1. Can you tell me which residue among A555, A586, A563, A549 is more than 35 Å from the chain's Cα centre (by Cα), open to solvent by less than 30 Å² (accessible area, probe 1.4 Å), among the aliphatic types (A, V, I, L, M) and farther than 21 Å from D496 by Cα?
2. I want to confirm something. Restricting to segment 368-387 and keeping residues that are in contact (Cβ under 8 Å) with a residue 24 or more places away in the chain and within 19 Å of the chain's Cα centre (by Cα), which single residue is nearest to the ligand (Cβ to nearest atom)?
3. Out of H211, H219, report the one residue that is in a strand (DSSP E or B), more than 18 Å from the chain's Cα centre (by Cα) and in contact (Cβ under 8 Å) with a residue 24 or more places away in the chain.
4. How many residues, within segment 519-546, are open to solvent by 10 Å² or more (accessible area, probe 1.4 Å), in a strand (DSSP E or B) and either in contact with a Gly (Cβ under 9 Å, 6 or more places away or on another chain) or on the phi < 0 side of the Ramachandran plot (or both)?
5. Hey, does segment 42-50 have a residue that's assigned to a loop (DSSP other than H, G, I, E, B) and touching a residue at least 40 places away in the same chain (Cβ under 8 Å)?
6. Condition check: at pLDDT 95 or above and away from the ligand (no atom under 16 Å from the Cβ). Does K409 satisfy that?
7. Would you confirm whether any residue within segment 490-505 is within 24 Å of Y407 (Cβ to Cβ), touching an Asp or Glu at 6+ places or on another chain (Cβ under 7 Å) and modelled with pLDDT under 95?
8. If the Cβ limit is 6 Å and pairs must be 6+ apart or interchain, which residue in segment 79-96 that is in a strand (DSSP E or B) pairs with which residue that is of a type in the set (D, E, K, R)?
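The values are calculated or read from the model by the stated rules, or taken from the named source; none is laboratory data. Here the structure is a predicted model, which is why all the values come from computation and not from measurement. Quick reminder, even Gly has a Cβ in these numbers, built from the backbone with ideal geometry, and neighbours come from all protein chains shown. Side chains included, ligands, DNA and RNA excluded: accessible areas come from the protein's heavy atoms. Shrake-Rupley method; radii C 1.70, N 1.55, O 1.52, S 1.80 Å.
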Amino acid sequence: MVALHDKLKHSMYSPVHGDSMSAAEIAPVTYQVTPDIAHHYFHVCMRIPAHADNKVILRLPTWLPGSYMIRDFAKHIVTFSATGTHGALDSRRPDKSTWIIQTDGNGITIRYTVYAFDLSVRTAYLAHEFGFFNPSALCLESLAHSNHPHVINLQGFPLHWDISTGMPKAALPEDNSSNSYAAEDYASLIDYPFLCGELTRIEFSAAGIPHTLVLSAPHFADADALERDLQRICEAQIALFGESGTAAPFASYQFLTMVIGEGFGGLEHRNSTALLCSRHTLEPGSEKEANDDYLTFLSLCSHEYFHSWNIKQLRPKEFHPYDLRHEQYTQQLWFYEGMTSYYDDWMVYRAGVMTQQRFLGRLAQSLTRALRGKGPQRQSIAESSQLAWTTFYQQNENAANAIASYYSKGAVVALLADLYLRSRYPGRSLDDVMREAYQSYRHHGTTLSDLFRLFATVGDETLRALVERAVLSTEAIDLSPLLAAVGIELLPATVDPFSQQPALTPLQPTSVSLGAALQETHQGVTVQRVMEDSPAARAGLAKGDRLLAIDHIEATKGNILRAFQRYQPGDTSTLHYFRRDILVAAELHWQAPVVDGYQLAVRDTEKARAWL
Ligand SMILES: [Zn+2]
């Protein structure tokens, strides 16, 4: 932070060798951002310094790192004008994200308005509750000035609002405003999200580094519990990567959290993360029985924090550098999201914030999500990584039958490798793989074969082959022997027969199942998705169908659950449902539920010490 301030001071205001042209080359691009809360608009006034060319090319990214989908942020710009020293300048749009402006080489001013009403961590949101933006949604890039310093100044925000960002405050001699922030170049600029509003700051130090959990109002957070628990998690992660002598990749860190009624999401950045959470998840519950949603919030924080090393620093070679004009394909997301998904709960447990029983319950849920259904039999996680742009990030109702998750199955690969190393090589673990990867590849990036080689380097060729098969093929993964080696038994489990979600604790199996994920809303019970080869599929059910009756009895959630107990495999029922506005009567042939979930039980506490 201090280093950046120093750099900005010297680079911008000290003419290099007394040459005024050199000084002009390193003048900053500035953005003044003003809110129009009622209309959900950010007004931006961008000033571009003088330059040698007679045109300025401006562009907004089409996606942002960490979220692998084309989002075309420029589509939210609703007004645009450019002025130079002699008045208005002509501009044209050669494509969806680019503006070209004819200039005389002098500095120009661009004024534009961005519509901001996407309540997510990815774009921008402005309303009376709070404001949030990623500069990738708000700040046009002047291609001739990408390497110049970039300064954002926030003006006209409500007086009772605070501003939080990981971007360093600008130390500009001519600008005493406390709301100016500076980044060393455009790529840095767009890696610092901003959260504005009535903010609560929960501050703590982890390994001597200042951390802040920032929460938008209103909330009922237990600040003491959050401070204590997050501090432990952060310290555990800094210790994990710091063991080989590397410092944390940030001088301070902020968890920028939009607290809303219902929502969930996170996006990693270089010294902060943008989070979206449901209000009730910030209340920890009792000491004996932690609120699982609270643990999920901590796990989200843990996940995004782990990315500070594993994707923000260490990342696929394909992302050196990022090209935000179009998709960048990589087969490696199973490592960057999968390892991170394994470590998110694992670090919460290791930090002493989650009980062993809860950790194993949540891990079993994750195994179930990763391995059940037809999807993992049809798509490898190398392919799932490669096609993230159009499949994982654009899932439809048939996703469970069609695609694998590089998150959850990547976490299975992590578990497999961790258990293998711990049982074969006492003292070694997946931590060594992460440290080795970070040491060897964080400057230039990894290839897929680099990743596979890591498992041979830290383990052996057998482990490399196991990992390669799990990543490149759709063959079933048998975790039982590896779990048994650390005293854990892998047991079958049924999923929730109504929601089809894996349960945290074992459920009583029902005698039959529909094989469809159902949801109860004020409209009644609707179908969310249908598993292939299930009674629901054979009865013709599809997403959006509204169940009315089973054998002429109203299909409420309670009645459906009772039916799952009453009928036996082979029984037949008459099902009535609405497909949009058409009433359908179908014959339903009940089947026993498919048991494709997992639970984990400790059988040998002595052996389990190698892992838990
Ligand atoms: Zn992630």
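1. A586
2. So the residue we want is S385.
3. From the options H211, H219, the qualifying one is H211.
4. Residues in segment 519-546 being open to solvent by 10 Å² or more (accessible area, probe 1.4 Å), in a strand (DSSP E or B) and either in contact with a Gly (Cβ under 9 Å, 6 or more places away or on another chain) or on the phi < 0 side of the Ramachandran plot (or both): 8 in total.
5. Taking every residue of segment 42-50 in turn, at least one turns out to be assigned to a loop (DSSP other than H, G, I, E, B) and touching a residue at least 40 places away in the same chain (Cβ under 8 Å).
6. no
7. yes
8. S81/R111
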